[in-house]
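The values are calculated or read from the model by the stated rules, or taken from the named source; none is laboratory data. Model, not experiment: these values are computed from the prediction. With ideal geometry, Cβ positions are generated from the backbone for all residues, glycine too; neighbour counts draw on all protein chains shown. Quick note on the areas: whole protein, heavy atoms, side chains included, nothing else; ligands and nucleic acids left out. Shrake-Rupley method; radii C 1.70, N 1.55, O 1.52, S 1.80 Å.
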Amino acid sequence: MIHLAPTDRLFVLTGAGVSAESGLPTFRGAGGIWRTHRATDLATPEAFAADPQTVWQFYSWRREVHETCKPNAAHTALAELERRMSGRMYLCTQNVDELHERGGSQRVVHMHGELFRSRCSARCGREPFVDRGVYNALAEVPRCDCGAIIRPHVCWFGETPYFMDEIFRMLEQATVFAVIGSSGVVEPAASFAGMARHRGARTYYLGPEAPANATAFDRWFEGTAAELVPRLFSL
Ligand code: OAD
């Protein structure tokens with residue numbers, strides 16, 4: 001069990017594994033997206049500049065798959081934990097999916113962006129906006145008011161994740177840090193466990209396989225997110 005005292009502040013970081021039981025593929029495991037698709041062709045600014053149609057087809061496919069998925073027991077248990085901890089829990093996700101929100105979480109920090117938002121590719125200053133569109137041909141992709149093509153509001157390789165100042169502040173305050181379903185290879189998220197532990201937090205990993213950054217955790221709970229999350233946290 002992970003015991004949470006009334007004074008504890010919990011930082012939860014989720015990865016693709018938390019959504020696996022909802023039917024969304026992970027990136028690196030068996031059936032993972034990067035096993036059959038090259039990240040450099042689909043998830044970099046250079047790939048988008050060279051071939052925006054292929055990149056939009058990839059994100060359109062992911063939007064379509066997502067529409068068929070529902071939150072699982074891990075998402076709903078985290079939403080319940082947020083309610084019970086009243087302000088002492090911080091949920092940060094590397095996932096671009098919206099299953100935490102659909103599971104009832106009120107405050108979700110999407111450090112790698114959101115699948116159902118788009119933004120101007122030319123940084124004209126327009127804020128990212130809600131976009132559930134599916135664009136398989138370049139001619140279908142909307143243009144920003146400034147004339148530039150729009151792009152997915154997703155952090156690609158070589159780009160800086162979002163909300164980093166706030167995330168580092170919350171890591172400093174955390175007394176308990178838990179990662180659910182992340183392979184621990186993508187930075188900067190892979191270093192959060194070590195940072196939290198260095199500041200004195202208890203650190204836990206929940207997932208079926210040991211992550212690459214396993215030495216940063218005090219304890220690994222072996223199992224799937226939907227099995228573990230609903231029964232592991234006690235208040
Ligand atoms: P990965 O695909 O790298 O890792 C998923 C992890 O989830 C693996 O360690 C699996 O063991 C675990 N897992 C699989 N099924 C699970 C289940 N049912 N319950 C719990 N865990 C399970 O995904 P991430 O670590 O999230 O970035 O990937 C990090 C980033 O790499 C992603 O955000 C994405 C990707 O490239 C961007 O798109 C910028």
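Here are the numbers:
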read-out	value
Residue within region 63-76 that is at negative phi, part of a strand (DSSP E or B) and under 18 Å from the mean Cα position of the chain (by Cα) present	no
Number of the condition not met by residue 126 [criteria: (1) touching a Cys at 6+ places or on another chain (Cβ under 7 Å); (2) within 30 Å of residue 8 (Cα to Cα)]	(2)
Single residue of region 199-234 satisfying the filter (assigned to a strand (DSSP E or B) and among the aromatic types (Phe, Trp, Tyr)) that is farthest from the ligand (Cβ to nearest atom)	233
Set 121, 86, 105: member being without any contact (Cβ under 8 Å) to a residue 12 or more places away in the chain and either in contact with a Cys (Cβ under 6 Å, 6 or more places away or on another chain) or of a type in the set (S, T, N, Q) (or both)	86
Positions within region 19-40 being more than 6 Å from the ligand (Cβ to nearest atom) and out of contact with any Phe, Trp or Tyr (no Cβ under 9 Å at 6 or more places or on another chain), in sequence order	19, 22, 23, 24, 25, 30, 31, 36, 38
Count - residues of region 203-215 that are free of Cβ contacts under 8 Å to residues at least 60 places away in the same chain and surrounded by 14 or more Cβ atoms within 10 Å (Cβ to Cβ)	7
Test: residue in region 204-216 that is over 22 Å from residue 114 (Cβ atoms), in contact with a Leu (Cβ under 7 Å, 6 or more places away or on another chain) and at pLDDT 95 or above	yes
Among residues of region 109-141, those that are exposed (fewer than 11 other Cβ atoms within 10 Å of the Cβ) and at pLDDT 95 or above, counted	3
Enumerated strands (runs of 3 or more DSSP E) restricted to region 80-182, each holding at least 3 residues that are closer than 26 Å to residue 220 by Cα and within 20 Å of the chain's Cα centre (by Cα)	89-93, 176-180
In region 223-235, the residues that are open to solvent by 80 Å² or more (accessible area, probe 1.4 Å) and over 20 Å from the mean Cα position of the chain (by Cα)	231, 235
Region 164-198, residues that are over 11 Å from residue 12 (Cα atoms), near the ligand (Cβ under 10 Å from one of its atoms) and aliphatic (A, V, I, L, M)	185, 186, 189, 190
Hits in region 18-47 (condition: part of a helix (DSSP H, G or I), open to solvent by 20 Å² or more (accessible area, probe 1.4 Å) and not basic (Lys, Arg))	20, 34, 36, 39, 40, 41, 45, 46
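Conditions tested, residue by residue: (1) within 20 Å of residue 26 (Cα to Cα); (2) open to solvent by 10 Å² or more (accessible area, probe 1.4 Å); (3) hydroxyl-bearing (Ser, Thr, Tyr).
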residue: 159; (1), (2), (3): no, yes, no
residue: 171; (1), (2), (3): no, no, no
residue: 183; (1), (2), (3): yes, yes, yes
residue: 217; (1), (2), (3): no, yes, no
residue: 221; (1), (2), (3): yes, yes, no
